Structure formats: C-alpha cells, structure tokens
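Engineer: This is the structure, below, for whatever I ask next.
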Amino acid sequence: MNNIIDIEEVINKLKIKIIGSGWEDILYPFMNGEIFHKITNTLIDNHNSGTNFTPKYYDILNAFIESPYNKTNVVILGQDPYPQLGVADGIAFSCSKKDRIEKSLQYINKAIGTQHNDLRCWSNQGVLLINTAFTCQINNIGSHFHLWKPFTEYLFESINKNDKFIFGLMGKKAEIWEIKLSNQIILKCPHPASAAYKGGVWDSKDIFNNINKELNKLNKSNINW
C-alpha cells in the first residue's frame, strides 16, 4: 500500500523550522502559495522516482535560520548546492557534513587565509549564504535552477523593496539577478569553481575586504571572515 504524503504537513514542518529567524514575514507568503507547493511536490516526486536531490528538504532554508533577518547585512549568492550526496548543508559554500573541504570553499579559504568547512560562523554574523537554486539533483549541477527561479525572484523582489543589503554575486548565474537588486549595494566576482579552469587561481576581486569596506561606510560591524 502506497503512503500518501501530505504536502501541507511537509511544508508546515519546514515553516516551523524558520520560526524565530525573523524571515517569516518575507518567506511565509510564498511558502503558503501554489508555486511552493509545486516545488515541494516536484522534490517529493524526484525522491520517489529515485532521482535524489541535495541538500535534504528540511535543510534547504538553513541559511535563513542561521542568519536571522534582524542581523543580516550581507548576502552572498552562489550558483548551486554541492551536487554530491551528503555534502550540502543548506548554507551556500558550507560543507559541515563532511570533514573534507570542498574545492570551491578551498579557494575561498585560500583567498582569506582560513580553513573553514562550516560557514555558520559567517551566517551568525549576519551573512546570508544562499545559491540561485536551493537544491539540485545528485551530480547534476544546474538541474533545479528553473524549479527555484520563482522563489529566488520573489525573495529578491521582497528584499529590494524593504532592505538595503550588500550583495556579493559570485559567478554568472548569480549576476543575472542584479536586475532585481536595484536598491542594493552590489559587488561581483567569478564563482570560486571557475578557478578549476584557470590553473587553480581564483580571482576573488578582493570581495571579502570590499564587503567590509561597504559595511564601514554604513557604520556596521565588519565580518570576521
């Protein structure tokens, strides 16, 4: 006998996870709507058909949980979650589920002289670390970009109307969202994964120092990268 999954129950469990983050007012209207139900239903169908995705469903909004709305001053936008099974943790570039540091984060660590694998240390300072897609099929980068596009569009339109953040756009997929961020402070650099095509050298455009310079202009605390 097939188990019938209650979509409303699944979404409500995810909504409960972000209670207290301060992001509820922005995210709940979309999560209550038909499009988010379709996104969730697609992910469930993928899982049931053996086309698994990453990160796990109840981890997809971890970035918002770890960077509360009233503390967030910076948004770093990547491209896709790590596509390998069991690596992505719901915070862009973070790989806290594994002892091994993934390549993109290795390049970031090299640029700032650190050895992070868990980027909650940035999130908790007010850096929202998200990707243009919040999931992807295992070993299939870009597979869920269009699935999440309405959510990403809604999120940025909402932020742009209500807030002024410093956005670090990493890579071409991130840069296409600049059009939705007219009221934001925009900094750009290549995605760290691009270093693989350039002899292992990532041109970070000094983005982390530049984010702190912009924070200084706003009389806000620097990020301890």
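The values are calculated or read from the model by the stated rules, or taken from the named source; none is laboratory data. All values derive from a computational prediction rather than experimental measurement. Heads up, the Cβs are rebuilt from the backbone with ideal geometry, glycines too, and the neighbour counts pull from every protein chain shown. All accessible areas refer to the heavy atoms of the entire protein, side chains included, with ligands and DNA or RNA removed. Shrake-Rupley method; radii C 1.70, N 1.55, O 1.52, S 1.80 Å.
Engineer: Just give me the residues in region 61-84 being among the small types (Gly, Ala, Ser) and either open to solvent by 30 Å² or more (accessible area, probe 1.4 Å) or modelled with pLDDT under 95 (or both), in sequence order.
Structural biologist: none
Engineer: Are any residues in region 189-225 under 16 Å from ASN73 (Cα atoms), in contact with a strand residue (DSSP E or B) (Cβ under 8 Å, 6 or more places away or on another chain) and free of Cβ contacts under 8 Å to residues at least 60 places away in the same chain, and if so, which ones?
Structural biologist: ILE207, ASN210, GLU214
Engineer: Still on this model: Could you list, in sequence order, the residues of region 197-211 that are open to solvent by less than 70 Å² (accessible area, probe 1.4 Å) and hydrophobic (A, V, I, L, M, F, W, C)? Step through it out loud before you land on a result.
Structural biologist: Kept after step one, since they are open to solvent by less than 70 Å² (accessible area, probe 1.4 Å), are these residues of region 197-211: 200, 202, 204, 207-208, 210-211.
Correct list: TRP202, ILE207, PHE208, ILE211.
Engineer: Then there's this: Could you pull out the residue among TYR57, TYR69, TYR107 that is more than 17 Å from the chain's Cα centre (by Cα) and in contact (Cβ under 8 Å) with a residue 24 or more places away in the chain?
Structural biologist: Numbers: TYR57 fails: more than 17 Å from the chain's Cα centre (by Cα); TYR69 fails: more than 17 Å from the chain's Cα centre (by Cα).
Of TYR57, TYR69, TYR107, the one residue that is more than 17 Å from the chain's Cα centre (by Cα) and in contact (Cβ under 8 Å) with a residue 24 or more places away in the chain is TYR107.
Engineer: Here's something else I'd like to know. So which residues in region 61-96 are under 20 Å from ILE166 (Cα atoms), in contact with a helix residue (DSSP H, G or I) (Cβ under 6 Å, 6 or more places away or on another chain) and part of a loop (DSSP other than H, G, I, E, B), if there are any at all?
Structural biologist: Answer for region 61-96, where residues must be under 20 Å from ILE166 (Cα atoms), in contact with a helix residue (DSSP H, G or I) (Cβ under 6 Å, 6 or more places away or on another chain) and part of a loop (DSSP other than H, G, I, E, B): SER67, GLN79, ILE91, PHE93.
Engineer: Here's something else I'd like to know. Which of the residues that make up region 104-139 are in contact with a His (Cβ under 8 Å, 6 or more places away or on another chain), open to solvent by 10 Å² or more (accessible area, probe 1.4 Å) and not hydrophobic (A, V, I, L, M, F, W, C)?
Structural biologist: Scanning region 104-139 gives SER104, GLN137.
Engineer: Tell me which of these GLU175 doesn't satisfy, since it passes every other one: (1) without any contact (Cβ under 8 Å) to a residue 60 or more places away in the chain; (2) closer than 19 Å to PRO81 by Cα; (3) in contact with a strand residue (DSSP E or B) (Cβ under 7 Å, 6 or more places away or on another chain); (4) open to solvent by less than 40 Å² (accessible area, probe 1.4 Å).
Structural biologist: Looking at each condition in turn, GLU175 falls short on (4).
Engineer: Also, quick follow-up: Go over the candidates ASN48, ASN12, ASN117 one by one and state the one that is within 25 Å of MET170 (Cβ to Cβ), free of Cβ contacts under 8 Å to residues at least 24 places away in the same chain and out of contact with any Phe, Trp or Tyr (no Cβ under 9 Å at 6 or more places or on another chain).
Structural biologist: Answer to the selection: ASN117.
Engineer: Across region 85-103, which residue is surrounded by the most Cβ atoms within 10 Å (Cβ to Cβ) among those that are in contact with a Cys (Cβ under 9 Å, 6 or more places away or on another chain) and either at pLDDT below 95 or closer than 24 Å to ASP206 by Cβ (or both)?
Structural biologist: Once the filter is applied, the top-ranked residue is GLU102.
Engineer: I need the full set of residues from region 122-143 which are without any contact (Cβ under 8 Å) to a residue 60 or more places away in the chain and farther than 19 Å from PHE36 by Cβ, in order please.
Structural biologist: ASN124, ASN139, ASN140
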